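Below you'll find the structure, written out as structure tokens, and then a few comments.
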Amino acid sequence: FKFENILFEKREGGVGYVQLNRPKALNALCDGLFTELIQILKEMDNDPEVGCIILTGSEKAFAAGADIKEMKDQTFPHTYTSNMLGWWDEITRIRKPIVGGVNGYALGGGCELAMICDILIAGSNAKFGQPEITLGTIPGMGGSQRLTRVIGKSRAMEMVLTGEFMDANEAVQRGLVSRVVEPKLLNDELMRVSRKIASMSKPITMMCKEVVNEAYETGLKDGLKYERRIFHSTFATNDRKEGMTAFAEKRKPNWTDS
Ligand code: HXC
């Protein structure tokens, strides 16, 4: 299988690095890119050496949206019968943390892909937007749902109805991204955070991701119960025992991912 639209490598410290790489189209998400992205994310998810995944683009664009040229002649029967974008949520089933790094444009499907990441760090040049309305369509990969949950109805509605972009400073103020850094320093920051996450126990890390995401799927009462059950289940791992023992013995834990 030849990857044409993304670059990837396993980096030291258990970090899987994935970079969208269609520079001539500002990383527009064509079918081929989707297929490759899902395949490599699944491979990394199943790779016992990988503890955290980075997903990023170029300095000019994370991704400027779904590929408009590819979409422009699509018909309703085809989009419906092929369930266009329906398999997209496979990315939400990746169980290891994904740290997204956004420099430049994250528009339409690009913004939606960014919002699927578990942690988002932006370069100060980042621009987020859902400009689908300017093309006569609407967000199709969660833009109306995830954006609204994060930044609230009024601002999300304004972005979806005007197609205007939001800059990195506003994105951090509204909690869409966790931090803003100099564009040139984005990769270093992604590596720093990801290496730290990858240095933790993998099963415990995956449980952390699972319970935080549950907060988006369920109400408080059920979410708290879910959290407590997973908390209890950490007591079935060696790493929970090792972590607490290491603390008491004033030494670093030696995780075995068991
Ligand atoms: C296909 C795209 C593209 C896209 C950019 N390009 N975005 N091709 N699909 N989404 C291509 C351009 O056609 C151009 O190709 C090249 O990338 C460089 O783009 P320019 O427009 O020349 O660059 P610039 O002037 O710097 O403007 C950047 C930009 C603009 C503001 C990001 O490209 C833009 O508005 N792009 C579209 C953004 C958008 O509407 N995204 C939402 C897509 S709909 P050539 O060959 O001319 O050099 C969507 C639906 C989601 O995502 C539904 C679920 C997936």
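Laboratory data are not the source of any read-out in this text; all were calculated from the coordinates shown. Computed from a predicted model, the values in this text were never measured in an experiment. Backbone-built Cβ (ideal geometry, glycine too); neighbour counts: all protein chains shown.
What is the sum of charges around Ala156, taking Lys and Arg as +1, Asp and Glu as -1, for the other residues whose C-beta is under 14 Å from the C-beta of Ala156?
Around Ala156, the surrounding residues sum to 0.
Test of understanding: what is the full-extension gain from Ala215 to Arg179, defined as 0.36 nm times their sequence separation minus their Cα-Cα distance?
Once the chain is fully extended between Ala215 and Arg179, it gains 10.8 nm.
How large is the helix-only mean residue ellipticity at 222 nm for the chain, computed as the sum of -39500 (n - 2.57) over DSSP H runs with n ≥ 4, divided by its residue count, in deg cm²/dmol to the nearest 500?
-12500 deg cm²/dmol
Rank these for me by crowding, Lys96, Lys10, going from fewest to most other beta carbons within 10 Å.
Result, fewest neighbours first: Lys10, Lys96.
Among the aspartates and glutamates, select those whose C-alpha is under 15 Å from the C-alpha of Lys184, and discard any that sit fewer than 8 residues away in the same chain.
Cα-Cα hits under 15 Å: Glu59.
Can you work out the Karplus-derived ³J(HN,Hα) for every residue in the range 29-36? Use 6.51 cos²θ - 1.76 cosθ + 1.60 with θ = phi - 60°, whole Hz, and x for glycine or proline.
Residue by residue, the range 29-36 yields 8, 7, 3, x, 5, 4, 4, 5 Hz.
How are the C-alpha pair distances of the range 25-163 spread across 5 Å bins, as whole percents from the shortest bin up?
All Cα pairs, binned at 5 Å, distribute as 2, 10, 19, 23, 22, 15, 7, 2, 1 percent.
Filter the cross-link list Lys10/Lys225; Lys69/Lys127; Lys69/Lys202 down to pairs whose alpha-carbon distance in this structure exceeds 31 Å.
Exceeds cut-off: Lys10/Lys225; Lys69/Lys202.
Cα axis of helix 220-234 to longest principal axis of the chain: angle in degrees, 0 to 90, nearest 10?
Roughly 50 degrees between the two axes.
Quick check: pseudo-label points 7 Å beyond the Cα along Cα→Cβ at Ile138 and Ser82, how many nm apart are they?
Placing both labels 7 Å beyond Cα along the Cβ direction yields 2.2 nm.
Compute and list, largest first, the equivalent-ellipsoid semi-axes of the range 147-229 from the alpha carbon gyration tensor, each √(5λ) rounded to a whole angstrom.
With the √(5λ) rule applied to the range 147-229, the semi-axes are 27, 24, 7 Å.
Express in nm, to one decimal, how much length is gained between Ile204 and His232 on full extension, taking 0.36 nm for each residue of separation and deducting their alpha carbon distance.
Gain in length upon complete extension: 8.9 nm.
Could you give the size of the charge dipole of the range 1-155 about its Cα centre, using +1 on the Cβ of each K and R and -1 on the Cβ of each D and E, expressed in debye and rounded to the nearest 20?
Magnitude of the dipole: close to 520 debye.
Using θ = phi - 60° and the Karplus relation 6.51 cos²θ - 1.76 cosθ + 1.60, list the HN-Hα couplings for the range 48-55 in order, rounded to whole Hz, with x at every Gly or Pro.
x, 7, 8, x, 7, 10, 9, 10
Set Lys and Arg Cβ to +1 and Asp and Glu Cβ to -1, take the dipole of the chain about its Cα centre, and tell me which of Leu85, Met44, Leu20 lies farthest positive.
Met44
Between Phe231, Cys208, Ala248, whose Cα lies farthest towards the positive end of the dipole of the range 198-258 when Lys and Arg beta carbons carry +1 and Asp and Glu beta carbons carry -1, centred on the Cα centre?
Result: Ala248.
Could you give the length gained on full extension between Arg93 and Thr245, defined as 0.36 nm per residue of separation minus the Cα-Cα distance, in nm?
Extending this stretch completely gives an extra 51.5 nm.
Take the eigenvalues of the Cα gyration tensor for the chain, scale each by 5, and report the square roots as semi-axes in whole Å, largest first.
After scaling each eigenvalue by five and taking roots: 33, 20, 19 Å.
Run down the lysines and flag those whose C-alpha is under 22 Å from the C-alpha of Lys221, throwing out any fewer than 8 positions away in its chain.
Lys209
Quick one: check the C-alpha center-to-center distance for the range 157-220 versus the range 56-101, whole angstrom.
When both Cα centres are located, 18 Å separates them.
What shape does the range 34-79 take by its C-alpha gyration tensor, where a ≥ b ≥ c are the square roots of the eigenvalues and a/c under 1.5 counts as rounded, a/b above b/c as prolate, and the rest as oblate?
Oblate is the answer for the range 34-79, as a/c is 1.5 or above yet b/c matches or exceeds a/b.
Taking amide hydrogens as modeled 1.01 Å from N in the peptide plane, which residues meet the under 5 Å criterion relative to Ala61, leaving out close sequence neighbours?
Tyr105
Considering amide H positions built from the backbone, and no H for Pro or chain starts, which residues 5 or more places from Val181, or on another chain, come under 5 Å of its amide H?
The list, which skips near neighbours in sequence, is Ala122, Gly123, Ser124.
Which one of Glu12, Glu189, Glu210 has the biggest mean-square fluctuation once the chain is modelled by GNM with Cα springs under 10 Å?
Highest fluctuation of the listed residues: Glu12.
In a Gaussian network model over the chain where Cα atoms closer than 10 Å are linked, find which of Val160, Val18, Val150 has the largest mean-square fluctuation.
Maximum among the listed residues: Val150.
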